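Reviewing the structure listed below.
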Amino acid sequence: MKAIRRKSVPTGKNNRAPRANIQKKREAMRNKVLAAAAVQINQRGAASLDLKALGETVGLSRNSLYHYFSDKKDLAYRCYLKSEQDLQEDLSTTADAGGSAIENLQRFVEVSLAKRSYENAVLSDVDALNPSQRAEILALEKANMNALQELFDKGIQAGDLRQHNAEIASRSLLGVMRWARLWFRWTGRYRSEK
């Protein structure tokens with residue numbers, strides 16, 4: 001009987017490049033799944049995620065999705081988390097740029113609407129999450145809302161904006177921006193034409 005010869009697996013420094021490529025591919029697929037799931041959440045709600053349809057959309061089997069997420073609640077949680085982290089990044093970029101409150105608010109809207117080529121999940125169904133996940137998402141949402149309110153408050157204090165309720169203005173602006181992204185899908189164009 002002949003012994004089966006196995007290929008040797010490189011170890012050490014030379015093996016880092018293939019592992020990095022695998023990680024990049026895995027992260028790219030994870031982001032693709034998140035983007036497709038966000039579309040589903042915005043259409044039907046987080047509680048109605050259809051993993052079979054989602055798998056077909058991204059080219060994976062339903063079971064393969066579990067390599068990326070533990071269950072539907074985890075997937076919905078990750079979608080909402082990405083939405084809030086993206087918003088946090090946009091607010092941070094805006095705050096770091098300096099300028100007047102009006103310039104910062106305008107920059108925030110432009111950055112947030114034009115920066116991404118994918119749809120974020122609108123926080124419309126957070127009750128579908130487990131309590132600890134829901135608490136984390138709502139805490140992030142509150143932090144983002146507070147950061148946006150600070151922009152409005154600075155504008156009021158500087159005299160650039162008239163006196164108003166900054167919380168209502170912040171919630172209104174975010175609501176318009178979150179749903180404006182969906183307009184691109186509803187009209188068949190993902191990005192506005194310049």
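The values are calculated or read from the model by the stated rules, or taken from the named source; none is laboratory data. Small disclaimer: the values here were computed from a predicted structure and weren't measured. Neighbour counts run over all protein chains shown; Cβ positions are idealised from the backbone, glycine included. SASA here: full protein model, heavy atoms, side chains in, ligands and nucleic acids out. Shrake-Rupley method; radii C 1.70, N 1.55, O 1.52, S 1.80 Å.
Below is a table of values for the structure above.
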| item | result |
| --- | --- |
| Single residue of the stretch 50-80 satisfying the filter (more than 16 Å from the chain's Cα centre (by Cα) and among the small types (G, A, S)) that is nearest to Q133 (Cα to Cα) | S70 |
| Test for L54: is it crowded, with 19+ Cβ neighbours inside 10 Å, without any contact (Cβ under 8 Å) to a residue 24 or more places away in the chain and of a type outside the set (D, E, K, R) | yes |
| Leading residue by the ranking (nearest to G99 (Cα to Cα)) among those in the stretch 153-182 that are polar (S, T, N, Q), assigned to a helix (DSSP H, G or I) and without any contact (Cβ under 8 Å) to a residue 24 or more places away in the chain | Q157 |
| Helices (runs of 4 or more DSSP H) enclosed by the stretch 5-118 - at least 1 residues per element that are among the aliphatic types (A, V, I, L, M) and modelled with pLDDT under 90 | 16-44, 72-97, 101-114 |
| Unique match (being open to solvent by 40 Å² or more (accessible area, probe 1.4 Å), under 20 Å from the mean Cα position of the chain (by Cα) and charged (D, E, K, R)) among K142, K154 | K142 |
| Cross-chain or 6+ apart pairs with Cβ under 6 Å, the stretch 120-143 first and without any contact (Cβ under 8 Å) to a residue 40 or more places away in the chain, then open to solvent by 20 Å² or more (accessible area, probe 1.4 Å) and not in a loop (DSSP other than H, G, I, E, B) | R134/V126 |
| Per-region count, the stretch 69-91, residues among the polar types (S, T, N, Q) and either free of Cβ contacts under 8 Å to residues at least 12 places away in the same chain or surrounded by 16 or more Cβ atoms within 10 Å (Cβ to Cβ) (or both) | 2 |
| Residues satisfying the stated conditions in the stretch 119-129, i.e. surrounded by fewer than 16 Cβ atoms within 10 Å (Cβ to Cβ) and either in contact with a Cys (Cβ under 6 Å, 6 or more places away or on another chain) or assigned to a helix (DSSP H, G or I) (or both) | D127 |
| Odd one out for G175, checked against (1) open to solvent by less than 40 Å² (accessible area, probe 1.4 Å); (2) in contact with a helix residue (DSSP H, G or I) (Cβ under 7 Å, 6 or more places away or on another chain); (3) of a type outside the set (A, V, I, L, M) | (2) |
